[in-house]
Amino acid sequence: MITAVMPGSAMPSNPPIFYTTDEVAQILKIPVRLVRKLIREGHLNAVKVGREYRVTSDHLRQFVKEKSRK
């Protein structure tokens, strides 16, 4: 889990929390390859940082909420 703060900005009250694809896989109890596939296909929002993806806690919550409605 990574917490981000933009340089030169004050510490926000709720800074975004970023999870790696490995962490998302552990949380959802699914393979990492499936997490990457969900990101590539646009089912799970993510930010690309270098060669890796990061998923915010908000995007993860939104994904779970949408899947639980079905």
- Residues that are closer than 11 Å to Thr21 by Cβ and loosely packed, with under 13 Cβ neighbours inside 10 Å, drawn from region 52-70: Glu52
- In region 37-51, which residues are open to solvent by less than 70 Å² (accessible area, probe 1.4 Å), within 12 Å of the chain's Cα centre (by Cα) and either farther than 18 Å from Pro15 by Cα or in contact (Cβ under 8 Å) with a residue 40 or more places away in the chain (or both)? Leu38, Ile39, Leu44
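The values are calculated or read from the model by the stated rules, or taken from the named source; none is laboratory data. Since the model is a prediction, treat every value here as computed from it, not as a measurement. Cβ coordinates were reconstructed from backbone atoms using ideal geometry, including for glycine residues, and neighbour counts include every protein chain displayed. What goes into the accessible areas is simple: the full protein's heavy atoms, side chains included, and nothing from ligands, DNA or RNA. Shrake-Rupley method; radii C 1.70, N 1.55, O 1.52, S 1.80 Å.
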